[in-house]
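> This is the structure I have questions about; it appears just below.
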Amino acid sequence: MPRCLPAAFALYLLGATYAFAADPPDRLLDEAAALRDAALAESDAWRHAWSLTTEVGPRLAGSAGDRAAVAWALANLVDLGFDDVRPQTVMVPAWERGHAEVRITQPFPQPLVAVSLGMTVGTPDAGIEAPVIRFESLAELEAATPNDVRGHIVFIDERMARTRDGSGYGPAVQKRSRGPSIASERGAVAMVIRSVGTSGDRLPHTGATRFADGVRPIAAFALAGPDADMLSHQLGTGRDVQLLVRSTARSLPPARSANVIADIRGADRPDEIVILAAHLDSWDLGTGATDNAAGVAILMEAARLIATMQRRPSRTIRLVLYANEEAGLDGSRAYTAEALESEERHVVGIEADAGAGFIYQFNSGVGAEALPIVAAMRRVLAPLGIEGGDNSATGGADLSTLRATGMPVLMMEHDRSRYFDWHHTANDTLDKIDPAALAQAVAAYAAVVWMAANIEDDFGEFPAPVAKPADPGESSG
Ligand SMILES: [Zn+2]
(Lines give C-alpha, C1' and ligand atoms only; values in the text may rest on other atoms or scores of the structure.)
Protein backbone atom coordinates (compact mmCIF):
# COMPACT_ATOMS: atom_id res chain seq x y z
CA MET A 1 0.00 0.00 0.00
CA PRO A 2 1.40 3.42 -0.90
CA ARG A 3 1.14 4.61 2.66
CA CYS A 4 3.29 7.68 2.15
CA LEU A 5 2.41 8.99 -1.29
CA PRO A 6 3.99 12.42 -1.42
CA ALA A 7 0.76 14.39 -1.70
CA ALA A 8 -1.06 12.51 1.02
CA PHE A 9 1.94 12.66 3.28
CA ALA A 10 2.41 16.41 2.77
CA LEU A 11 -1.26 16.93 3.53
CA TYR A 12 -0.91 14.87 6.66
CA LEU A 13 2.01 16.97 7.88
CA LEU A 14 0.15 20.17 7.05
CA GLY A 15 -2.91 18.96 8.95
CA ALA A 16 -0.83 17.84 11.89
CA THR A 17 0.58 21.32 12.40
CA TYR A 18 -2.75 22.89 13.24
CA ALA A 19 -5.50 20.30 13.35
CA PHE A 20 -5.80 18.90 16.80
CA ALA A 21 -2.60 19.58 18.65
CA ALA A 22 -4.20 22.40 20.64
CA ASP A 23 -7.05 20.27 21.88
CA PRO A 24 -6.27 18.40 25.06
CA PRO A 25 -7.02 14.67 24.92
CA ASP A 26 -9.45 15.14 27.81
CA ARG A 27 -11.72 17.14 25.55
CA LEU A 28 -11.74 14.36 23.00
CA LEU A 29 -12.52 11.81 25.70
CA ASP A 30 -15.35 14.01 26.92
CA GLU A 31 -16.76 14.32 23.40
CA ALA A 32 -16.57 10.55 22.89
CA ALA A 33 -18.28 9.95 26.23
CA ALA A 34 -21.04 12.41 25.35
CA LEU A 35 -21.52 10.69 21.99
CA ARG A 36 -21.63 7.31 23.75
CA ASP A 37 -24.29 8.53 26.17
CA ALA A 38 -26.36 10.17 23.44
CA ALA A 39 -26.32 6.91 21.46
CA LEU A 40 -27.51 4.94 24.47
CA ALA A 41 -30.30 7.42 25.14
CA GLU A 42 -31.69 7.42 21.63
CA SER A 43 -30.83 5.13 18.76
CA ASP A 44 -32.42 4.55 15.38
CA ALA A 45 -30.36 1.42 14.76
CA TRP A 46 -33.16 -1.06 15.26
CA ARG A 47 -35.26 1.00 12.86
CA HIS A 48 -32.53 0.69 10.19
CA ALA A 49 -32.40 -3.09 10.75
CA TRP A 50 -36.18 -3.26 10.59
CA SER A 51 -36.18 -1.35 7.32
CA LEU A 52 -33.50 -3.43 5.59
CA THR A 53 -35.03 -6.77 6.63
CA THR A 54 -38.64 -5.73 6.07
CA GLU A 55 -38.46 -3.48 3.01
CA VAL A 56 -35.68 -5.39 1.22
CA GLY A 57 -35.35 -8.81 2.88
CA PRO A 58 -33.08 -11.53 1.45
CA ARG A 59 -30.34 -10.04 -0.74
CA LEU A 60 -28.23 -12.77 -2.26
CA ALA A 61 -25.42 -11.22 -4.29
CA GLY A 62 -26.45 -10.68 -7.88
CA SER A 63 -30.18 -11.17 -7.19
CA ALA A 64 -33.03 -8.68 -7.48
CA GLY A 65 -32.91 -8.40 -3.68
CA ASP A 66 -29.25 -7.39 -3.88
CA ARG A 67 -30.07 -4.61 -6.34
CA ALA A 68 -32.91 -3.48 -4.08
CA ALA A 69 -30.49 -3.38 -1.14
CA VAL A 70 -28.08 -1.14 -3.05
CA ALA A 71 -30.93 1.22 -3.91
CA TRP A 72 -32.09 1.12 -0.27
CA ALA A 73 -28.61 2.00 1.01
CA LEU A 74 -28.13 4.87 -1.44
CA ALA A 75 -31.51 6.37 -0.58
CA ASN A 76 -31.20 5.94 3.19
CA LEU A 77 -27.61 7.12 3.55
CA VAL A 78 -28.36 10.34 1.68
CA ASP A 79 -30.95 11.09 4.35
CA LEU A 80 -28.56 10.54 7.26
CA GLY A 81 -26.29 13.56 6.88
CA PHE A 82 -23.30 12.23 4.96
CA ASP A 83 -21.34 14.68 2.78
CA ASP A 84 -21.05 12.28 -0.12
CA VAL A 85 -22.87 9.03 -0.96
CA ARG A 86 -21.94 7.03 -4.04
CA PRO A 87 -22.06 3.51 -5.50
CA GLN A 88 -18.96 1.69 -6.72
CA THR A 89 -19.95 -0.85 -9.35
CA VAL A 90 -18.86 -4.43 -8.60
CA MET A 91 -19.54 -7.43 -10.82
CA VAL A 92 -20.50 -10.50 -8.78
CA PRO A 93 -21.08 -14.17 -9.62
CA ALA A 94 -24.81 -14.88 -9.48
CA TRP A 95 -26.31 -18.17 -8.36
CA GLU A 96 -29.78 -19.65 -8.10
CA ARG A 97 -30.61 -22.05 -5.26
CA GLY A 98 -33.45 -23.86 -6.98
CA HIS A 99 -34.89 -26.87 -5.19
CA ALA A 100 -32.96 -29.39 -3.09
CA GLU A 101 -33.97 -32.85 -1.97
CA VAL A 102 -32.06 -35.37 0.14
CA ARG A 103 -33.58 -38.69 1.20
CA ILE A 104 -32.38 -41.95 2.65
CA THR A 105 -33.48 -44.76 0.32
CA GLN A 106 -31.91 -47.63 2.30
CA PRO A 107 -32.05 -49.25 4.80
CA PHE A 108 -34.92 -47.25 6.35
CA PRO A 109 -36.24 -44.73 3.78
CA GLN A 110 -36.83 -41.26 5.19
CA PRO A 111 -36.64 -37.69 3.88
CA LEU A 112 -33.95 -35.43 5.36
CA VAL A 113 -34.07 -31.66 5.78
CA ALA A 114 -31.28 -30.18 3.67
CA VAL A 115 -30.24 -27.16 1.63
CA SER A 116 -27.77 -26.79 -1.20
CA LEU A 117 -24.49 -25.17 -0.27
CA GLY A 118 -24.01 -21.80 -1.93
CA MET A 119 -22.46 -21.70 -5.40
CA THR A 120 -22.85 -25.46 -5.94
CA VAL A 121 -24.00 -27.21 -9.11
CA GLY A 122 -27.21 -29.16 -9.49
CA THR A 123 -27.72 -32.85 -10.25
CA PRO A 124 -29.29 -34.61 -13.24
CA ASP A 125 -33.11 -34.42 -13.10
CA ALA A 126 -33.36 -37.95 -11.71
CA GLY A 127 -30.93 -37.09 -8.94
CA ILE A 128 -27.93 -39.13 -7.82
CA GLU A 129 -28.35 -42.27 -5.74
CA ALA A 130 -25.27 -43.80 -4.15
CA PRO A 131 -23.95 -45.39 -0.97
CA VAL A 132 -22.85 -43.09 1.83
CA ILE A 133 -19.40 -42.96 3.37
CA ARG A 134 -19.15 -41.09 6.68
CA PHE A 135 -16.18 -39.14 8.00
CA GLU A 136 -15.83 -37.70 11.50
CA SER A 137 -13.96 -34.69 10.20
CA LEU A 138 -12.57 -32.98 7.13
CA ALA A 139 -9.11 -34.18 8.18
CA GLU A 140 -10.36 -37.77 8.04
CA LEU A 141 -11.68 -37.21 4.50
CA GLU A 142 -8.35 -35.66 3.50
CA ALA A 143 -6.60 -38.79 4.72
CA ALA A 144 -8.89 -41.06 2.67
CA THR A 145 -7.91 -42.41 -0.74
CA PRO A 146 -9.90 -42.49 -3.99
CA ASN A 147 -10.30 -46.23 -3.43
CA ASP A 148 -12.33 -45.51 -0.28
CA VAL A 149 -14.38 -42.65 -1.68
CA ARG A 150 -14.99 -43.28 -5.37
CA GLY A 151 -18.66 -43.63 -6.33
CA HIS A 152 -19.88 -42.65 -2.85
CA ILE A 153 -21.78 -39.71 -1.41
CA VAL A 154 -19.42 -38.30 1.22
CA PHE A 155 -20.91 -37.35 4.60
CA ILE A 156 -18.84 -35.21 6.99
CA ASP A 157 -20.40 -35.32 10.43
CA GLU A 158 -18.15 -32.85 12.26
CA ARG A 159 -19.79 -30.70 14.96
CA MET A 160 -19.14 -27.06 15.74
CA ALA A 161 -18.33 -25.85 19.27
CA ARG A 162 -20.48 -23.13 20.83
CA THR A 163 -18.28 -20.30 22.17
CA ARG A 164 -18.79 -16.70 23.18
CA ASP A 165 -16.10 -15.45 20.80
CA GLY A 166 -17.34 -17.45 17.80
CA SER A 167 -13.99 -19.23 17.49
CA GLY A 168 -15.70 -22.54 16.77
CA TYR A 169 -16.72 -21.29 13.33
CA GLY A 170 -13.31 -20.98 11.66
CA PRO A 171 -12.38 -24.66 12.02
CA ALA A 172 -15.96 -25.90 11.47
CA VAL A 173 -16.51 -23.99 8.24
CA GLN A 174 -13.61 -25.71 6.47
CA LYS A 175 -15.76 -28.77 5.76
CA ARG A 176 -18.20 -26.51 3.92
CA SER A 177 -15.79 -24.25 2.03
CA ARG A 178 -13.20 -26.89 1.04
CA GLY A 179 -14.89 -30.25 1.71
CA PRO A 180 -16.79 -30.66 -1.57
CA SER A 181 -13.66 -29.97 -3.60
CA ILE A 182 -11.64 -32.49 -1.59
CA ALA A 183 -14.42 -35.07 -1.88
CA SER A 184 -14.66 -34.58 -5.64
CA GLU A 185 -10.89 -34.99 -6.05
CA ARG A 186 -11.27 -38.42 -4.44
CA GLY A 187 -14.09 -39.47 -6.75
CA ALA A 188 -17.19 -38.66 -4.65
CA VAL A 189 -20.39 -38.24 -6.68
CA ALA A 190 -22.02 -35.81 -4.22
CA MET A 191 -21.60 -34.59 -0.67
CA VAL A 192 -23.60 -33.85 2.45
CA ILE A 193 -22.30 -32.21 5.62
CA ARG A 194 -23.70 -31.67 9.09
CA SER A 195 -24.69 -27.99 9.07
CA VAL A 196 -22.01 -25.60 10.20
CA GLY A 197 -23.59 -24.01 13.25
CA THR A 198 -24.87 -24.77 16.72
CA SER A 199 -28.62 -25.05 16.15
CA GLY A 200 -30.55 -28.17 17.13
CA ASP A 201 -33.46 -27.07 14.97
CA ARG A 202 -34.25 -28.59 11.60
CA LEU A 203 -32.96 -25.47 9.87
CA PRO A 204 -29.89 -26.17 7.78
CA HIS A 205 -27.04 -23.66 7.36
CA THR A 206 -26.03 -22.53 3.89
CA GLY A 207 -22.86 -20.68 2.89
CA ALA A 208 -20.36 -20.67 0.09
CA THR A 209 -18.31 -23.57 -1.11
CA ARG A 210 -15.53 -23.39 -3.64
CA PHE A 211 -13.90 -25.89 -5.95
CA ALA A 212 -10.16 -25.80 -6.58
CA ASP A 213 -9.06 -25.13 -10.16
CA GLY A 214 -9.49 -28.19 -12.34
CA VAL A 215 -11.71 -30.05 -9.86
CA ARG A 216 -15.09 -31.18 -11.17
CA PRO A 217 -17.87 -29.49 -9.16
CA ILE A 218 -20.29 -31.86 -7.42
CA ALA A 219 -23.65 -31.18 -5.80
CA ALA A 220 -23.22 -30.50 -2.08
CA PHE A 221 -25.76 -30.07 0.72
CA ALA A 222 -25.98 -29.20 4.40
CA LEU A 223 -28.19 -31.37 6.60
CA ALA A 224 -29.95 -29.90 9.62
CA GLY A 225 -28.42 -31.15 12.87
CA PRO A 226 -31.18 -33.65 13.70
CA ASP A 227 -31.07 -34.94 10.11
CA ALA A 228 -27.32 -35.48 10.32
CA ASP A 229 -28.11 -37.41 13.52
CA MET A 230 -30.64 -39.54 11.60
CA LEU A 231 -28.13 -40.39 8.88
CA SER A 232 -25.60 -41.26 11.57
CA HIS A 233 -28.09 -43.46 13.41
CA GLN A 234 -28.87 -45.44 10.26
CA LEU A 235 -25.16 -45.83 9.50
CA GLY A 236 -24.76 -47.00 13.10
CA THR A 237 -26.89 -50.06 12.36
CA GLY A 238 -23.97 -51.38 10.35
CA ARG A 239 -26.10 -51.77 7.23
CA ASP A 240 -25.33 -50.11 3.93
CA VAL A 241 -26.97 -46.70 3.73
CA GLN A 242 -27.98 -45.23 0.41
CA LEU A 243 -28.90 -41.58 -0.25
CA LEU A 244 -30.76 -39.96 -3.11
CA VAL A 245 -29.80 -36.33 -3.66
CA ARG A 246 -31.36 -33.95 -6.15
CA SER A 247 -30.75 -30.25 -6.78
CA THR A 248 -31.61 -27.67 -9.40
CA ALA A 249 -29.00 -25.17 -8.15
CA ARG A 250 -27.14 -23.40 -10.93
CA SER A 251 -24.80 -20.52 -11.64
CA LEU A 252 -26.09 -17.54 -13.59
CA PRO A 253 -24.11 -15.02 -15.64
CA PRO A 254 -22.18 -12.46 -13.55
CA ALA A 255 -24.41 -9.64 -12.36
CA ARG A 256 -23.94 -5.99 -11.52
CA SER A 257 -23.88 -5.06 -7.84
CA ALA A 258 -22.20 -2.24 -5.93
CA ASN A 259 -20.37 -1.18 -2.83
CA VAL A 260 -22.18 1.77 -1.31
CA ILE A 261 -19.74 4.36 0.03
CA ALA A 262 -20.69 7.28 2.29
CA ASP A 263 -18.29 9.90 3.67
CA ILE A 264 -18.36 12.34 6.55
CA ARG A 265 -15.57 14.48 5.19
CA GLY A 266 -12.68 15.30 7.50
CA ALA A 267 -12.32 18.98 8.29
CA ASP A 268 -8.52 18.94 8.59
CA ARG A 269 -7.23 15.70 7.11
CA PRO A 270 -9.80 14.66 4.48
CA ASP A 271 -7.43 12.22 2.77
CA GLU A 272 -6.93 10.24 5.96
CA ILE A 273 -9.69 7.65 6.12
CA VAL A 274 -11.18 5.89 9.13
CA ILE A 275 -13.13 3.11 7.44
CA LEU A 276 -16.31 1.50 8.84
CA ALA A 277 -17.11 -1.78 7.11
CA ALA A 278 -20.20 -3.98 6.89
CA HIS A 279 -21.51 -6.14 4.07
CA LEU A 280 -24.85 -5.38 2.50
CA ASP A 281 -25.50 -8.77 0.87
CA SER A 282 -26.98 -11.74 2.71
CA TRP A 283 -27.83 -15.37 2.20
CA ASP A 284 -31.27 -16.05 0.86
CA LEU A 285 -32.85 -18.40 3.43
CA GLY A 286 -33.63 -15.78 6.09
CA THR A 287 -33.76 -12.01 5.89
CA GLY A 288 -30.10 -11.51 6.79
CA ALA A 289 -31.00 -9.85 10.09
CA THR A 290 -28.03 -10.69 12.30
CA ASP A 291 -25.85 -11.30 9.21
CA ASN A 292 -25.66 -8.51 8.48
CA ALA A 293 -28.51 -6.00 8.73
CA ALA A 294 -27.31 -5.62 12.34
CA GLY A 295 -23.82 -4.51 11.31
CA VAL A 296 -25.20 -2.21 8.62
CA ALA A 297 -27.63 -0.66 11.10
CA ILE A 298 -25.02 -0.21 13.86
CA LEU A 299 -22.56 1.58 11.59
CA MET A 300 -25.22 3.68 9.83
CA GLU A 301 -26.48 4.88 13.18
CA ALA A 302 -23.00 5.49 14.61
CA ALA A 303 -22.20 7.62 11.57
CA ARG A 304 -25.55 9.42 11.71
CA LEU A 305 -24.87 10.43 15.31
CA ILE A 306 -21.37 11.58 14.42
CA ALA A 307 -22.79 13.69 11.60
CA THR A 308 -24.91 15.53 14.20
CA MET A 309 -21.82 16.58 16.20
CA GLN A 310 -21.16 20.31 16.35
CA ARG A 311 -18.02 20.00 14.30
CA ARG A 312 -16.78 17.74 11.52
CA PRO A 313 -14.17 15.12 12.49
CA SER A 314 -10.55 15.90 11.67
CA ARG A 315 -10.20 12.81 9.48
CA THR A 316 -12.74 11.49 6.99
CA ILE A 317 -15.09 8.84 8.36
CA ARG A 318 -16.10 6.50 5.56
CA LEU A 319 -18.85 3.90 5.75
CA VAL A 320 -18.54 1.16 3.13
CA LEU A 321 -21.42 -1.26 2.70
CA TYR A 322 -19.71 -4.02 0.78
CA ALA A 323 -21.04 -6.16 -2.09
CA ASN A 324 -20.92 -9.95 -1.99
CA GLU A 325 -19.00 -10.71 1.16
CA GLU A 326 -20.74 -14.04 1.41
CA ALA A 327 -19.71 -15.68 -1.80
CA GLY A 328 -16.51 -14.08 -2.95
CA LEU A 329 -15.45 -10.82 -1.24
CA ASP A 330 -15.80 -9.14 -4.63
CA GLY A 331 -16.72 -5.81 -3.05
CA SER A 332 -13.74 -5.93 -0.73
CA ARG A 333 -11.32 -6.61 -3.55
CA ALA A 334 -12.82 -3.90 -5.77
CA TYR A 335 -12.72 -1.30 -3.02
CA THR A 336 -9.13 -2.03 -2.03
CA ALA A 337 -7.91 -2.11 -5.64
CA GLU A 338 -9.28 1.39 -6.14
CA ALA A 339 -8.04 2.59 -2.74
CA LEU A 340 -4.50 1.58 -3.66
CA GLU A 341 -4.71 3.80 -6.74
CA SER A 342 -5.84 6.85 -4.78
CA GLU A 343 -3.85 9.25 -2.66
CA GLU A 344 -6.07 8.60 0.32
CA ARG A 345 -4.55 6.80 3.27
CA HIS A 346 -6.59 4.31 5.29
CA VAL A 347 -5.51 5.05 8.84
CA VAL A 348 -7.51 2.39 10.65
CA GLY A 349 -10.58 0.21 10.04
CA ILE A 350 -13.38 -1.30 12.09
CA GLU A 351 -15.87 -3.88 10.82
CA ALA A 352 -19.31 -4.86 12.13
CA ASP A 353 -20.09 -8.39 10.94
CA ALA A 354 -20.41 -10.51 14.05
CA GLY A 355 -24.10 -10.37 14.80
CA ALA A 356 -26.13 -8.32 17.20
CA GLY A 357 -25.02 -9.71 20.55
CA PHE A 358 -23.82 -7.48 23.39
CA ILE A 359 -20.22 -6.35 23.01
CA TYR A 360 -18.11 -7.74 25.87
CA GLN A 361 -14.58 -6.87 24.74
CA PHE A 362 -12.64 -4.40 22.62
CA ASN A 363 -9.52 -5.58 20.82
CA SER A 364 -7.01 -4.02 18.47
CA GLY A 365 -4.54 -4.95 15.80
CA VAL A 366 -2.44 -1.77 15.74
CA GLY A 367 1.18 -0.74 15.89
CA ALA A 368 2.61 -0.80 19.41
CA GLU A 369 3.00 2.98 19.37
CA ALA A 370 -0.80 3.29 19.18
CA LEU A 371 -1.60 1.18 22.24
CA PRO A 372 -2.02 4.26 24.47
CA ILE A 373 -4.85 5.37 22.14
CA VAL A 374 -6.48 1.97 22.49
CA ALA A 375 -6.15 2.25 26.27
CA ALA A 376 -7.93 5.63 26.19
CA MET A 377 -10.69 4.11 24.04
CA ARG A 378 -11.12 1.35 26.62
CA ARG A 379 -11.69 3.93 29.34
CA VAL A 380 -14.56 5.38 27.30
CA LEU A 381 -15.99 1.91 26.64
CA ALA A 382 -15.78 0.66 30.24
CA PRO A 383 -19.14 2.14 31.34
CA LEU A 384 -20.77 0.05 28.57
CA GLY A 385 -19.57 -3.11 30.28
CA ILE A 386 -16.89 -3.66 27.65
CA GLU A 387 -13.59 -5.02 28.91
CA GLY A 388 -10.15 -4.66 27.42
CA GLY A 389 -8.71 -7.52 25.38
CA ASP A 390 -5.44 -7.72 23.51
CA ASN A 391 -3.73 -6.55 20.32
CA SER A 392 -4.32 -9.70 18.30
CA ALA A 393 -7.50 -8.58 16.49
CA THR A 394 -7.56 -9.29 12.76
CA GLY A 395 -10.78 -7.49 11.79
CA GLY A 396 -13.45 -9.02 9.59
CA ALA A 397 -13.53 -10.52 6.11
CA ASP A 398 -14.27 -7.33 4.18
CA LEU A 399 -11.36 -5.46 5.78
CA SER A 400 -9.01 -8.38 5.15
CA THR A 401 -7.86 -6.97 1.81
CA LEU A 402 -6.92 -3.61 3.36
CA ARG A 403 -5.38 -5.34 6.36
CA ALA A 404 -3.18 -7.30 3.98
CA THR A 405 -1.71 -3.96 2.88
CA GLY A 406 -0.80 -3.16 6.49
CA MET A 407 -3.87 -1.22 7.63
CA PRO A 408 -4.40 -1.61 11.39
CA VAL A 409 -7.79 -2.62 12.75
CA LEU A 410 -9.99 -2.12 15.79
CA MET A 411 -12.55 -4.76 16.72
CA MET A 412 -15.60 -5.05 18.93
CA GLU A 413 -16.19 -8.57 20.21
CA HIS A 414 -19.91 -9.26 20.14
CA ASP A 415 -21.20 -12.16 22.22
CA ARG A 416 -21.67 -14.91 19.64
CA SER A 417 -22.91 -17.66 21.97
CA ARG A 418 -26.21 -17.82 20.07
CA TYR A 419 -25.22 -16.26 16.74
CA PHE A 420 -24.48 -19.59 15.08
CA ASP A 421 -27.90 -20.95 15.98
CA TRP A 422 -29.32 -18.60 13.34
CA HIS A 423 -26.41 -17.64 11.06
CA HIS A 424 -27.03 -18.51 7.37
CA THR A 425 -30.31 -20.28 8.21
CA ALA A 426 -33.96 -19.47 7.58
CA ASN A 427 -34.00 -18.44 11.24
CA ASP A 428 -31.83 -15.34 10.70
CA THR A 429 -34.71 -12.91 11.15
CA LEU A 430 -35.33 -9.59 12.91
CA ASP A 431 -36.68 -11.12 16.15
CA LYS A 432 -33.12 -12.28 16.93
CA ILE A 433 -31.96 -8.66 17.28
CA ASP A 434 -32.21 -7.19 20.78
CA PRO A 435 -32.71 -3.41 20.48
CA ALA A 436 -30.80 -2.84 23.74
CA ALA A 437 -27.77 -4.72 22.44
CA LEU A 438 -27.93 -2.77 19.21
CA ALA A 439 -27.98 0.52 21.13
CA GLN A 440 -24.95 -0.54 23.19
CA ALA A 441 -23.12 -1.39 19.99
CA VAL A 442 -23.90 1.97 18.38
CA ALA A 443 -22.59 3.74 21.50
CA ALA A 444 -19.37 1.72 21.43
CA TYR A 445 -18.64 2.06 17.71
CA ALA A 446 -19.55 5.75 17.63
CA ALA A 447 -17.29 6.64 20.58
CA VAL A 448 -14.30 4.73 19.21
CA VAL A 449 -14.73 5.99 15.66
CA TRP A 450 -14.99 9.58 16.84
CA MET A 451 -11.73 9.21 18.75
CA ALA A 452 -9.97 7.51 15.83
CA ALA A 453 -11.06 10.27 13.47
CA ASN A 454 -9.85 13.08 15.74
CA ILE A 455 -6.78 11.78 17.47
CA GLU A 456 -3.57 13.46 16.45
CA ASP A 457 -1.56 10.28 16.18
CA ASP A 458 -1.50 7.37 13.80
CA PHE A 459 -2.28 3.73 14.46
CA GLY A 460 0.92 2.40 12.93
CA GLU A 461 0.92 -0.75 10.83
CA PHE A 462 -1.06 -3.94 11.32
CA PRO A 463 1.25 -6.06 13.49
CA ALA A 464 3.30 -8.62 11.54
CA PRO A 465 2.90 -11.22 10.33
CA VAL A 466 0.32 -9.74 8.00
CA ALA A 467 -2.40 -12.33 7.50
CA LYS A 468 -3.59 -13.14 4.01
CA PRO A 469 -7.06 -11.98 2.95
CA ALA A 470 -9.74 -14.25 4.34
CA ASP A 471 -11.45 -16.78 2.16
CA PRO A 472 -15.04 -15.80 1.50
CA GLY A 473 -17.35 -16.55 4.35
CA GLU A 474 -14.63 -17.97 6.57
CA SER A 475 -14.63 -15.22 9.12
CA SER A 476 -17.45 -15.29 11.60
CA GLY A 477 -19.50 -12.99 9.40
ZN1 LIG B 1 -21.66 -11.59 7.57
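> Hey, rough spin-label estimate for Thr89 and Arg250, points 7 angstrom out along Cα→Cβ, what's it come to in nanometres?
2.6
> Charges on Cβ only, +1 for Lys and Arg, -1 for Asp and Glu, centred on the Cα centroid of segment 75-153; of Pro109, Gly98, Val121, which one is farthest towards the dipole's positive end?
Pro109
> Work out the length of the dipole vector of the chain about its Cα centre, built from +1 on the beta-carbon of each Lys and Arg and -1 on the beta-carbon of each Asp and Glu, and round it to the nearest 20 debye.
Here the chain has a charge dipole of around 920 debye.
> So, with a 1.4 angstrom probe, what is the percent of accessible area on the chain that is carbon and sulfur?
Roughly 54 percent, rounded to a whole number.
> Another question, if that's okay. 222 nm [θ] for the chain, helices only, -39500 (n - 2.57) per DSSP H run of 4+, per residue, to 500?
Numbers: 16 runs with 153 residues, N = 477.
Rounded to the nearest 500, the figure is -9500 deg cm²/dmol.
> Assign unit charges at the C-beta atoms only (+1 for Lys and Arg, -1 for Asp and Glu), then state the dipole size of segment 383-426 relative to its Cα centre in Debye, rounded to the nearest 20.
So the magnitude is around 140 debye.
The values are calculated or read from the model by the stated rules, or taken from the named source; none is laboratory data. Worth saying up front: this structure is predicted, and the values here are computed from it rather than measured. Quick reminder, even Gly has a Cβ in these numbers, built from the backbone with ideal geometry, and neighbours come from all protein chains shown. Heavy atoms of the whole protein, side chains included, go into the accessibility calculation; ligands, DNA and RNA do not. Shrake-Rupley method; radii C 1.70, N 1.55, O 1.52, S 1.80 Å.
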